[in-house]
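Novice: Next up is a structure, given as structure tokens.
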Amino acid sequence: MAATIQIHEMSALATGGDKTSGTVRFKAADDANVDANNPLQVPGAGTDYSYTKKLRPYMEAPPDTQVSNLRWYSDGANGFGTGIGVDAKNIGTTWAANYDSAMSGGSDLFGYDAGSPLDGDGTDTGPFVPADDNSYIGDLIELQMSVASTASNGSLSAETLTLAYDEI
């Protein structure tokens, strides 16, 4: 039987909520709500940052044998427009509070594509087996949106982040 792996957004309290095939909203609030409250604003000068978002895979149903080689990637093209970026990094398994200042050590999310993905299990390496059922697997991925004064006002189109893994 195939494994069921969910993507959980980790909120301010380090509790996860299922966002599989759902929406993660970057905003000026530390919550996982997908609403129009606390939108990011284009600054008059400089750059503003969203609160960081953390994602982690959750094994809802186990594989027959194992799941391994977790990796995250985008389509490789930033469709948000001029002045808007998203940085990403693997932060291992240790929870740290979300913040709204510039991320240290992140890289451009859109530089991670199917051919060059972000490693999703560098610390919690697996393989993940049936005994890991109903638990978090792999590492936390931290994301943050930046909005520069050169950005245009208005709503943004959605972008897709993909979690891939090998299963036997």
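The values are calculated or read from the model by the stated rules, or taken from the named source; none is laboratory data. Since the model is a prediction, treat every value here as computed from it, not as a measurement. Here Cβ is always computed from backbone atoms with ideal geometry, including for glycine, and neighbour counts include all displayed protein chains. Keep in mind that these areas ignore ligands, DNA and RNA; they rest on the heavy atoms of the full protein, side chains included. Shrake-Rupley method; radii C 1.70, N 1.55, O 1.52, S 1.80 Å.
Novice: On alpha-carbon atoms, Rg over Rh for the chain using Kirkwood Rh?
Specialist: Working: Rg = 16.2 Å, Rh = 16.5 Å.
Rounded to two decimals, Rg/Rh equals 0.98.
Novice: Still on this structure, please answer the following. For a quick protection proxy, order the peptides 109-117, 59-67 by their average other-Cβ count within 10 Å, most packed first. Write down the numbers at each step before the final one.
Specialist: Values: 109-117: 15.4, 59-67: 17.4.
Peptide ranking by packing, descending: 59-67, 109-117.
Novice: With every protein chain left in place, what is the accessible area per residue of the chain in square angstrom, probe 1.4 Å? Don't skip to the end; give the middle numbers.
Specialist: Values: 8160 Å² over 168 residues.
Spelled out: the 1.4 Å probe surface of the chain, per residue, equals 49 Å².
Novice: Also: Where in segment 134-159 does the amide nitrogen come within less than 11 Å of the point 7 Å from the Cα of A36, taken along Cα to Cβ?
Specialist: Answer for this model: 155.
Novice: Rounded to the nearest 0.05, what FRET efficiency do Y99 and N69 give with R0 = 30 Å and r taken as the Cβ-Cβ distance? Could you check? Don't skip to the end; give the middle numbers.
Specialist: On the way: r = 30 Å, r/R0 = 1.00.
Efficiency, rounded to the nearest 0.05: 0.50.
Novice: Treating only the Cβ atoms of Lys and Arg (+1) and Asp and Glu (-1) as charged, compute the dipole magnitude of the chain about its Cα centre; round to the nearest 20 debye.
Specialist: With Lys and Arg at +1 and Asp and Glu at -1, about 460 debye.
Novice: Sticking with this structure for a sec: Within segment 1-36, name every residue whose backbone N is under 15 Å away from a label modeled 7 Å from Cα of S107 along the Cβ vector.
Specialist: Taking a point 7 Å out along Cα→Cβ of S107, no residue of segment 1-36 has its backbone N under 15 Å.
Novice: In the chain, what percent of the accessible surface is made up of carbon and sulfur (1.4 Å probe, ligands and nucleic acids excluded)? Walk me through the intermediate numbers first.
Specialist: Working: 3790 of 8160 Å².
Ligands and nucleic acids excluded, carbon and sulfur give 46 percent.
Novice: On a full-extension model of 0.36 nm per residue, what is the gain between T20 and E167, subtracting their alpha-carbon distance, rounded to one decimal in nm?
Specialist: 51.1 nm
Novice: To the nearest 0.05, how large is the calculated FRET efficiency for A148 and A61 if R₀ is 45 Å and r is the Cβ-Cβ distance? Spell out each step's value before the answer.
Specialist: Values: r = 42 Å, r/R0 = 0.94.
The computed FRET efficiency comes out at 0.60.
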